[in-house]
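Since the structure comes first, as structure tokens, the remarks are kept for the end.
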Amino acid sequence: MKAKFITLDGIDGAGKSTNLNTIRLWFEQHQLPVLFTREPGGTAVGEALRQILLDPHTEVNARTETLLMFAARQQHLDSVIKPALAAGTHVVSDRFTDATFAYQGGGRDIPLSDIAVLENWVQQGLHPDLTLLLDIPLTVAQQRLAQNEHPDRFEQLDNDFFERTRQTYLNRAASAPERYRVIQSDQPLTDVAAQISHSLSQLFGYHS
Ligand SMILES: Nc1ncnc2c1ncn2[C@@H]1O[C@H](COP(=O)(O)OP(=O)(O)OP(=O)(O)O)[C@@H](O)[C@H]1O
Ligand SMILES: [Mg+2]
């Protein structure tokens with residue numbers, strides 16, 4: 001079986017990191033090798049760029065932000081994602097290029113066509129086999145993030161930014177339904193887990 005590349009995406013507070021555990025359990029149950037990673041990050045240079053990108057006190061303009069995201073992604077693809085897939089290990093990434101389309105494109109108004117140019121240059125045709133888009137209404141995301149005493153540079157942005165970001169994610173999912181599964185993640189965790197497990201079972205051709 002060719003190793004699969006699975007990404008989790010959605011606005012801040014959608015539950016991506018929380019639901020990694022469900023995915024971990026699913027892979028354990030099915031005894032399949034898997035590597036978990038995240039963006040921006042996943043490599044030494046990527047984690048250093050993540051620090052810069054999330055620091056609320058560092059000024060980064062929208063084009064620089066976009067380029068830094070893709071710089072981190074290039075390293076991540078070359079030194080982590082592609083070698084793992086080549087070795088037959090499935091890869092699960094907490095965020096990937098959909099986040100750049102949604103945040104820098106939808107949120108910050110970088111033309112989506114410019115992001116697509118960078119996507120092609122960096123990814124050379126490699127795309128996720130499945131993207132789980134965790135979707136929640138903004139009001140729910142805000143309630144969840146309100147618990148966080150130290151919001152990062154993105155978590156401090158306003159409602160309009162997150163509305164545009166959420167909408168861009170949903171538009172992308174609607175335009176390629178074979179690759180995306182939209183997960184209603186404002187439900188209780190067990191219900192979210194059931195949706196995610198079902199999507200994974202479908203991808204791997206198991207009945208669930
Ligand atoms: N289904 C759920 N029901 C209730 N609370 C949830 C649910 N899913 C996640 N949460 C809570 O919402 C908060 C945000 O979740 P999480 O950190 O997983 O989001 P995230 O998508 O990874 O956000 P970020 O993009 O900021 O990393 C956490 O406090 C988590 O416990
Ligand atoms: Mg997270």
Between E47 and A86, what length in nm is gained on full extension when 0.36 nm per residue of separation is reduced by their alpha carbon distance?
-> 11.7 nm
Cβ-Cβ cut-off under 11 Å around Q142, Lys and Arg +1, Asp and Glu -1: the net charge is -2
Set Lys and Arg Cβ to +1 and Asp and Glu Cβ to -1, take the dipole of the range 38-193 about its Cα centre, and tell me which of G88, N159, A176 lies farthest positive.
-> G88
Name the residues whose placed amide hydrogens come within less than 5 Å of the amide hydrogen of L157, ignoring near sequence neighbours (fewer than 5 apart) on the same chain.
-> none
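What's the magnitude of the charge dipole for the range 134-199 around its Cα centre, counting Lys and Arg as +1 and Asp and Glu as -1 at the beta-carbon? Answer in Debye, nearest 20.
Charge dipole of the range 134-199: 280 debye, to the nearest 20.
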Find how much the distance from K2 to H127 grows on full extension, using 0.36 nm per residue of separation minus their present alpha carbon separation; answer in nm with one decimal.
-> 43.6 nm
So what's the gap between the Cα centers of the range 29-72 and the range 120-156, to the nearest angstrom?
-> 12
Solvent-accessible surface ranking, highest first, for T58, T22, T7 at 1.4 angstrom | T58, T22, T7
Keeping the other protein chains in place, figure out the carbon and sulfur percent of the accessible area of the chain, with a 1.4 Å probe.
-> 52
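Order the peptides 147-158, 195-206 from the highest to the lowest mean number of other Cβ atoms within 10 Å of their residues. Mind showing how you got there, number by number?
Numbers: 147-158: 11.9, 195-206: 16.4.
Those peptides, ordered most packed to least, come out 195-206, 147-158.
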q = 0.14 Å⁻¹: log10 I(q)/I(0) that the Debye formula gives for the chain, counting C-alpha atoms only | -0.83
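Quick one: accessible area per residue over the chain, 1.4 Å probe, rounded to a whole number of Å²? Provide the component values of the computation, followed by the final result.
On the way: 10090 Å² over 208 residues.
For the chain, the per-residue accessible area is 49 Å².
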For the range 5-204, size of Cβ-based charge dipole, Lys and Arg +1, Asp and Glu -1, in debye | 420
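The values are calculated or read from the model by the stated rules, or taken from the named source; none is laboratory data. This is a predicted model, so every value here is computed, not measured. All Cβ positions, even for glycine, are placed from backbone atoms using ideal geometry, and neighbour counts span all protein chains on display. Accessible surface areas use protein heavy atoms only, side chains included; no ligands, DNA or RNA. Shrake-Rupley method; radii C 1.70, N 1.55, O 1.52, S 1.80 Å.
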